[in-house]
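Have a look at the structure below before the remarks.
The values are calculated or read from the model by the stated rules, or taken from the named source; none is laboratory data. Given the structure is predicted, the values throughout are model-derived calculations rather than measurements. All Cβ positions, even for glycine, are placed from backbone atoms using ideal geometry, and neighbour counts span all protein chains on display.
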Amino acid sequence: MYVDGYVLPVPKKNLVRYKKMAAVAGKVWLEHGALQFCETAGEDLKTKFGVPFSKLLKLKAGETAVFSWICFKSRKHRDKVNAAVMKDPRLGAMMSLKDMPFDMKRMAYGGFTSLVDL
């Protein structure tokens, strides 16, 4: 399995808007072949160990972390699916950088190969 993962800061006042955007994006990714699409909002970010997402993202008052992942068969499959997704007009219509419900400059993203998959 191959996973694209990302974490980003979202103002709590924009969570409903972000959720609507993510629901459309998830449908697009799944229609183009992704195995799973998951978006989660921070609820318990005051951890006593490690680096909390709130510190990593430098969350401001009124923001929360969104932690998300998309699963694929392999990196090659990811590349094929993502190429199709990026051409999909439904996604393009939402991607105005001026009107994003989160700060893209503070988004962290990466592709991951599976170590353990139970």
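For the reader, a short list of remarks on this structure follows.
- Taking residues in segment 88-102 that are of a type in the set (Ser, Thr, Tyr), and partners anywhere that are at pLDDT 70 or above and not in a loop (DSSP other than H, G, I, E, B), not one pair has Cβ atoms closer than 8 Å while being at least 6 places apart or on different chains.
- Test: residue 40 is within 27 Å of residue 85 (Cα to Cα) and among the β-branched types (Val, Ile, Thr): yes
- Checklist (1) in a strand (DSSP E or B); (2) surrounded by 15 or more Cβ atoms within 10 Å (Cβ to Cβ) applied to residue 112, failing item: (2)
- Condition check for residue 41: of a type in the set (A, V, I, L, M), touching a residue at least 24 places away in the same chain (Cβ under 8 Å) and touching a Cys at 6+ places or on another chain (Cβ under 7 Å): no
- The single condition among (1) surrounded by 15 or more Cβ atoms within 10 Å (Cβ to Cβ); (2) at pLDDT 95 or above; (3) outside any helix (DSSP H, G or I); (4) of a type outside the set (Ser, Thr, Tyr) that residue 26 does not satisfy is (3).
- Test: residue in segment 76-97 that is touching a His at 6+ places or on another chain (Cβ under 6 Å), of a type in the set (A, V, I, L, M) and farther than 23 Å from residue 40 by Cβ: yes
- Among the residues of segment 75-109, those that are under 13 Å from residue 28 (Cα atoms) and not in a helix (DSSP H, G or I) comprise 88, 93, 94.
- Matching residues in segment 44-71 - criterion: being more than 14 Å from residue 12 (Cβ to Cβ), part of a strand (DSSP E or B) and aliphatic (A, V, I, L, M): 70
- Of all the listed residues (95, 21), the sole one being at pLDDT 90 or above, aliphatic (A, V, I, L, M) and farther than 25 Å from residue 116 by Cα is 21.
- Condition check for residue 52: under 11 Å from residue 102 (Cβ atoms) and not acidic (Asp, Glu): no
- Single residue of 81, 16, 66, 7 found to be touching a residue at least 24 places away in the same chain (Cβ under 8 Å), over 15 Å from residue 103 (Cα atoms) and either among the hydrophobic types (A, V, I, L, M, F, W, C) or surrounded by fewer than 16 Cβ atoms within 10 Å (Cβ to Cβ) (or both): 81
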